[in-house]
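Only one structure is covered here, and it is reproduced in the block below.
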């Protein structure tokens, strides 16, 4: 432990992070938060409103206690820094690091309710002389911050899992753009819709991340008990340091398949025949198809929920190589040959049998389909066997 005036620093060897605890003026902290969230619709847009009677009573009590001078538990900020800055990190230069880091690389990973209460209190209470503790978690990747955040929030009155991932997604998005510069990922405020392969909505990528980590094709974050089990599965996945990197590599495969399938353009008049899948770009325009692809690969690599596989690295290496071999073959084919490989005639016939909850049916349908592709080592002449698997 390194102790300095008004701060101390610890190295977390488990998650490869630095923990820096500082005592700061409340006003300075709130100014930082305003700066971080000023371009994200304000802090209110970053949290779920707690509506239960218990939560409301706790919130009111917190505000009243703050007015009387109570000291809250530390708020935790997560910071992602480049590898070179992480390697040469020096606690004595921490303040300079804080000033230089982009706001997009800082997020509140524990303490959003306390922060919101502080904002409420400052409207009618002088906080100029008040101080608080802030803990900074400094990491070289968002994976470690996701793991820390889920651990910190387990057992509390939590945000749901999706909200927690959304907190650090802005930082993840920067990493995705670095890893896959040609992939277009639009946020809600961009008001853009997919017009070509390789274009995705940010909320769809967040769901794929949840699917990949939980190894389930259906994420029911509205169900509290289901969400708690999913959270445990996700903690297990993110405990592996390379988890987010594996997810980014999965996105690369998804992006390449989306692009190569998109080269299939149907014959004149065929697109208007009423079939849902009538051109190559339509397959991975479907979120259920993307979800099924993600879940099938995740289950094979990481094991079913509740199962831990020691050979994850080797399994992922094999899947990636098999998928890349198929992609290399497909990228040499013309539009008509890609159409033959996709066999949308069989797909449209098979998927039209759905009844009841169509979304759930399609997710399970595509999960079973892509499980066949994985089990066959991506070595198929066409997708007919996949589409007939359900």
**Complete:** Subset of the range 190-209, residues without any contact (Cβ under 8 Å) to a residue 24 or more places away in the chain and in a helix (DSSP H, G or I), comes to 190, 203
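Out of the residues in the range 99-112 meeting the condition of being surrounded by fewer than 17 Cβ atoms within 10 Å (Cβ to Cβ) and in contact (Cβ under 8 Å) with a residue 60 or more places away in the chain, tell me which one is nearest to residue 64 (Cα to Cα).
103
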**Asked** Going through the range 270-293 one residue at a time, which ones are touching a residue at least 24 places away in the same chain (Cβ under 8 Å) and not in a helix (DSSP H, G or I)?
**Response** 275, 276, 277, 278, 286
**Item:** Test: residue 340 is under 22 Å from residue 369 (Cα atoms), within 24 Å of the chain's Cα centre (by Cα) and in the same structural domain as residue 380 (by TED's automatic domain parsing)
**Value:** no
**Item:** Residue list for the range 173-188, restricted to those being in a helix (DSSP H, G or I) and touching a residue at least 40 places away in the same chain (Cβ under 8 Å)
**Value:** 174, 175, 176, 179
**Request:** Residue by residue through the range 210-246, note down the ones that are assigned to a helix (DSSP H, G or I), out of contact with any helix residue (DSSP H, G or I) (no Cβ under 6 Å at 6 or more places or on another chain) and at pLDDT 60 or above.
**Result:** 210, 232, 236, 245
**Asked** Checking residue 124 against (1) under 16 Å from residue 77 (Cβ atoms); (2) out of contact with any strand residue (DSSP E or B) (no Cβ under 8 Å at 6 or more places or on another chain), which single condition isn't satisfied?
**Response** (1)
**Request:** For the range 19-27, state whether one or more residues are at pLDDT 85 or above, more than 23 Å from the chain's Cα centre (by Cα) and assigned to a helix (DSSP H, G or I).
**Result:** yes
**Residues that are at pLDDT below 90 and more than 18 Å from residue 281 (Cα to Cα), drawn from the range 194-208** = 202, 203, 206, 207
**Asked** Can you spot a residue in the range 121-139 that is part of a helix (DSSP H, G or I) and at pLDDT 80 or above?
**Response** yes
**Item:** Yes/no for residue 106 being at pLDDT 85 or above and touching a strand residue (DSSP E or B) at 6+ places or on another chain (Cβ under 9 Å)
**Value:** yes
**Asked** Counting only residues that are in a helix (DSSP H, G or I) and at pLDDT below 65, which one in the range 44-75 is farthest from the chain's Cα centre (by Cα)?
**Response** 44
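The values are calculated or read from the model by the stated rules, or taken from the named source; none is laboratory data. Remember, it's a predicted structure, so these values are computed and weren't measured experimentally. Note that we place each Cβ from the backbone using ideal geometry, even for glycine, and neighbour counts take in every protein chain shown.
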